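First up is the structure itself, then whatever we jot down about it.
The values are calculated or read from the model by the stated rules, or taken from the named source; none is laboratory data. Bear in mind that the values here come from a model prediction, so they are computed numbers and not experimental data. Virtual Cβ from ideal backbone geometry, glycine too; neighbours counted across all protein chains shown.
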Amino acid sequence: MDKPEPTHPAWPASNAKKSGAVTWRCKSCHGWDYAGADGAYGKGSYQTGIIGVRAWAGKNAADIHKILMNETHGFTHEMIPKDAMLRIAAFVSGGQIDVSKYINADKSVNGDPQRGKSVFQNVCAACHGFDGRALNWGDDADPGFIGTEAQGNPWEVLHKIRSGHPGVEMPALMAFRVQDAVDILSYTQTLPAK
């Protein structure tokens with residue numbers, strides 16, 4: 001789908017740092033930790049004052065689907081196909097976790113990096129490389145390796161370990177125990193950032 005060009009109508013005017021397509025992303029308002037204003041995005045360039053989705057864990061996915069399509073969110077099945085929207089609703093209902101149990105405010109992770117290393121080297125290194133530098137989302141001057149990302153935004157990396165990354169061949173490891181994903185994240189924080 002083409003990215004929306006205008007800023008989302010519900011994006012708060014108090015945050016002029018962001019505009020356009022990024023304002024339509026769930027994480028932009030609700031955070032990678034799903035806690036919104038009460039989490040990592042309670043300050044910084046994504047500060048919106050918008051609540052998270054943690055309160056919707058365990059709620060009816062059909063009700064969540066209706067909220068995604070309400071006036072505030074403004075999503076349609078032309079923007080997000082119905083089957084994809086139903087998967088988002090199912091994630092909010094049954095897939096999210098309380099990330100604060102695993103990632104601390106100082107970005108440290110409550111995981112076992114040695115255990116995470118064994119999983120990373122056997123599963124993740126096929127694409128990311130054994131040192132985590134096979135893929136670079138940045139450039140030579142300002143690299144964006146898995147270590148860079150894990151140290152800078154561990155909430156995003158944990159979400160992507162568990163849920164995959166849309167549009168690329170990043171698999172979702174949701175079938176793994178949450179602690180496995182946390183251990184992987186803990187190990188990736190030890191990988192080179194440059």
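Every listed requirement among (1) under 15 Å from the mean Cα position of the chain (by Cα); (2) closer than 19 Å to Met170 by Cβ is met by His128 save one, (1). Just one of the listed residues (Pro154, Pro192, Pro143) is under 20 Å from Ala35 (Cα atoms), surrounded by 13 or more Cβ atoms within 10 Å (Cβ to Cβ) and either touching a helix residue (DSSP H, G or I) at 6+ places or on another chain (Cβ under 6 Å) or not assigned by TED's automatic domain parsing to the domain that holds Phe91 (or both), namely Pro154. Filter segment 140-175 down to residues that are touching a residue at least 12 places away in the same chain (Cβ under 8 Å) and in a loop (DSSP other than H, G, I, E, B), then give me how many there are. Looking only at that region, the number is 6.
Is there a residue being in contact (Cβ under 8 Å) with a residue 24 or more places away in the chain, touching a His at 6+ places or on another chain (Cβ under 7 Å) and not in a helix (DSSP H, G or I) anywhere in segment 53-66? Checked against the condition, which is being in contact (Cβ under 8 Å) with a residue 24 or more places away in the chain, touching a His at 6+ places or on another chain (Cβ under 7 Å) and not in a helix (DSSP H, G or I), segment 53-66 yields at least one hit.
Matching residues to (1) modelled with pLDDT of 95 or more; (2) β-branched (Val, Ile, Thr); (3) under 25 Å from Ser100 (Cβ atoms):
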residue: Lys3; (1), (2), (3): no, no, no
residue: His8; (1), (2), (3): yes, no, no
residue: Ala35; (1), (2), (3): yes, no, yes
residue: Gly42; (1), (2), (3): no, no, yes
residue: Gly58; (1), (2), (3): yes, no, yes
residue: Ala61; (1), (2), (3): yes, no, yes
residue: Leu68; (1), (2), (3): yes, no, yes
residue: Lys82; (1), (2), (3): yes, no, no
residue: Ala89; (1), (2), (3): yes, no, yes
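Among the numbered conditions (1) loosely packed, with under 15 Cβ neighbours inside 10 Å; (2) out of contact with any Asp or Glu (no Cβ under 9 Å at 6 or more places or on another chain), tell me where Met1 comes up short. Result: Met1 fails condition (2) only.
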